[in-house]
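I have placed the structure first, in the form of structure tokens, so that the comments after it can refer back to it.
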Amino acid sequence: MAEDLKAPDSQRPIDVNRVDEVQYWCERLGVSEHALRQAVADVGASAEQVAVHLGKG
């Protein structure tokens, strides 16, 4: 069964408690789940700040 997932809004915080959002952001930013979670812990859940912190934005 395929889910029809919409891309999370990059203006909203990244919700690391939602599997679909973690998967989306890992793929979009080209990073591991661990790296994504560490970046959120380091700079907060702003998608823009996380991307910059990871050198992707």
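The values are calculated or read from the model by the stated rules, or taken from the named source; none is laboratory data. Being a predicted model, the structure only gives us computed values, none of them experimental. Virtual Cβ from ideal backbone geometry, glycine too; neighbours counted across all protein chains shown. The area values use the complete protein model at the heavy-atom level, side chains included, leaving out ligands, DNA and RNA. Shrake-Rupley method; radii C 1.70, N 1.55, O 1.52, S 1.80 Å.
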(request) Give the range 18-41 a look and list any residue that's open to solvent by 30 Å² or more (accessible area, probe 1.4 Å) and in contact with a helix residue (DSSP H, G or I) (Cβ under 6 Å, 6 or more places away or on another chain), or say none. (result) Glu33
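Each row is one residue, and each column tells you yes or no for (1) modelled with pLDDT of 95 or more; (2) aliphatic (A, V, I, L, M); (3) in a loop (DSSP other than H, G, I, E, B).
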| site | (1), (2), (3) |
| --- | --- |
| Met1 | no, yes, yes |
| Pro8 | no, no, yes |
| Gln11 | no, no, yes |
| Asp15 | yes, no, yes |
| Ala35 | yes, yes, no |
| Ala39 | yes, yes, no |
| Asp42 | yes, no, no |
| Glu48 | no, no, no |
(request) Give the range 45-57 a look and list any residue that's more than 14 Å from Val22 (Cα to Cα) and open to solvent by less than 70 Å² (accessible area, probe 1.4 Å), or say none. (result) Leu54, Gly55
